[in-house]
Amino acid sequence: MEHSDIILGIESSCDDTSAAVIRDGYLLSNVIASQQVHKDFGGVVPELASRAHEQNIVPVVSQALAKAGVKASDLTAIAFTRGPGLLGSLLVGTSFAKALSVSLGIPIIMVNHLQGHILAGFIKQYGQENRHPEFPFLCLLVSGGNSQIVKVNSPLDYEILGQTIDDAVGEAFDKCSKMMGLGYPGGPVIDRLAKLGDPERFKFAKPHIPGLDYSFSGIKTSLLYFVRDEMAKDPEFMEKNKEDICASFQKALIDILMDKLIKAAKQTGIREITIGGGVSANSGLRDRITAEGKKRCWNTYLPEFKFTTDNAAMIAISGYYHYLHGERTPLDVAPVSRMADF
């Protein structure tokens, strides 16, 4: 029997504990345990998140191995998220990966969480077409913590062309949802209500930032003042108009994202375009990038919904590429809440 590279991926950067197994680039299992406790607080509570990871990690890894039909002794290497993320949460995944690697005598491979989101489109699945972009491609990386346009030259070579100078777009969704009393996480709620509203009804101030960088703090302030002023005239304004507010706000955010992506594609001449990160699940953004792609003759690639949120399959595929490249991580590595580069 020919040799296979079997990688266990571990992801624990925020509030989801996940483990996945990949064999030679093909996904065998991807298990995610989500934490419901944070909804009551309107955001992730780091201390509660790390405690939940401690409870979840052993059963999640055991389940991932069982679903994949492999034993721990079959593993070639263990890929884990080093950062960016919540330090306490990352520490649980990192410590577990180290302990398992020592017990099995196999290497660990650290992965940048954001690189995982970018390479999610390269996860191969049995019985599927497995389309993925050709190098170099542009990735619009959008999540609760990041908004970047990244030029991807190879699985291990990245260049950030533009990024947010203040808030991430996912943060804008969450904060505005909270402000409107719609709950957490905000993105899915606003996306659902936006489908029922008129995106042209209200206008929100869009920032004028030079180059390919983003800014989302101004549009949040614009929405805050708009709602406050209208509520002063009519206390029922929010309830009567929430679908139109969500649709108009979502359209404004997507306009900001797409304007810079179109600019980046023109400047680089690259027509291979993909999106990644939690906000890549937004239906308005997916529809818009598909429409722009047809109009501009782009080859567009949208990640499957199950790979848009934090998951270990994207960590495993990234680790697989690092492993093939001969990279190994020393056991004294420490997790980091911020990572400057890929």
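Could the peptides 20-29, 313-322 be put in order, highest first, of the mean number of other beta-carbon atoms found within 10 Å of their residues? Intermediate values should be presented prior to the final figure.
Numbers: 20-29: 21.2, 313-322: 30.0.
Output ranking for 20-29, 313-322: 313-322, 20-29.
Given contacts defined as C-alpha pairs under 8 Å and at least six residues apart, what's the relative contact order of the stretch 80-212, whole-number percent? Please report the intermediate quantities before stating the final value.
Working: 146 pairs, mean separation 17.7, N = 133.
Result for the stretch 80-212 is 13 percent.
Can you tell me how the chain classifies by the Cα gyration tensor, rounded, prolate or oblate, using a/c under 1.5 as the rounded cut? In terms of gyration-tensor shape, prolate.
Within the same chain, lysines fewer than 8 places from Lys295 are excluded, and of the rest, those with a Cα less than 19 Å from its Cα are Lys251, Lys260, Lys263, Lys266.
Here the Karplus curve 6.51 cos²θ - 1.76 cosθ + 1.60, taken at θ = phi - 60°, turns the phi angles of the stretch 206-211 into couplings of 9, x, 10, 10, x, x Hz, with x standing for Gly and Pro.
Packing here is the average count of other Cβ atoms within 10 Å per residue, and on that basis the peptides 302-312, 107-117, highest first, run 107-117, 302-312.
Less than 5 angstrom separates the built amide H of Ala77 from those of Ile6, Leu8, all sequence-distant by 5 or more or on a different chain.
Converting phi to 3J(HN,Hα) with the Karplus coefficients 6.51, -1.76 and 1.60 and the offset θ = phi - 60°, the stretch 317-327 yields 5, 5, x, 4, 5, 5, 4, 4, 7, x, 7 Hz in sequence order, with x at every glycine or proline. Over all other residues within a Cβ to Cβ distance under 13 Å of Val227, the charged ones net out to +1, with Lys and Arg as +1 and Asp and Glu as -1. Net charge of the neighbourhood of Pro136, taken over other residues with C-beta under 12 Å away and scored Lys/Arg +1, Asp/Glu -1, is -2.
Here are some pairs, Lys151/Lys203; Lys178/Lys233; Lys220/Lys294; which of them have Cα atoms lying more than 25 Å apart in this structure? Going by Cα-Cα distance, Lys151/Lys203; Lys220/Lys294 fall outside the 25 Å limit. In the chain, the longest principal axis of the Cα atoms and the axis of helix 169-179 are about 60 degrees apart.
The simple spin-label model puts a point 7 Å past each Cα toward its Cβ; for Met238 and Lys306 those points are separated by 3.7 nm.
Its DSSP H runs of at least 4 residues, each contributing -39,500 (n - 2.57), put the calculated 222 nm mean residue ellipticity of the chain at -14000 deg cm²/dmol, to the nearest 500. Using C-alpha pairs below 8 Å separated by at least 6 residues, the relative contact order for the chain is 25 percent. Once the Cα atoms are used to define both axes, helix 283-296 deviates from the longest principal axis of the chain by about 90 degrees. Of the chymotrypsin sites (Phe, Trp or Tyr not before Pro) found in the stretch 131-197, none is in coil by DSSP with at most 15 other Cβ atoms within 10 Å of its Cβ.
Inter-part distance, the stretch 267-304 to the stretch 129-159, computed on C-alpha centroids, equals 11 Å. In terms of its C-alpha gyration tensor, the stretch 72-127 comes out oblate, because a/c is 1.5 or above while a/b does not outweigh b/c. Amide hydrogen proximity for Ile275: with H placed 1.01 Å from N in the peptide plane, the residues at 5 or more positions away or on another chain lying under 5 Å are Leu140, Tyr301.
Look at the alpha carbon pairs under 8 Å that are at least 6 residues apart: their mean separation over the length of the stretch 228-311 gives a relative contact order of 28 percent. Share of carbon and sulfur in the accessible area of the chain stands at 53%, probe radius 1.4 Å.
Net charge of the neighbourhood of Lys195, taken over other residues with C-beta under 15 Å away and scored Lys/Arg +1, Asp/Glu -1, is 0.
Applied to the stretch 147-158, the Karplus parametrisation 6.51 cos²θ - 1.76 cosθ + 1.60 on θ = phi - 60° returns per-residue 3J(HN,Hα) values of 9, 9, 10, 10, 8, 10, 8, 7, x, 10, 10, 10 Hz, with x for Gly and Pro.
The values are calculated or read from the model by the stated rules, or taken from the named source; none is laboratory data. Values in this document were obtained by computation on a predicted structure and should not be read as measured data. Don't worry about glycine lacking a Cβ; one is built from the backbone with ideal geometry, like all the others, and counts go over all protein chains shown. When the accessible area is computed, the model is the full protein with side chains, heavy atoms only, and any ligands, DNA or RNA have been set aside. Shrake-Rupley method; radii C 1.70, N 1.55, O 1.52, S 1.80 Å.
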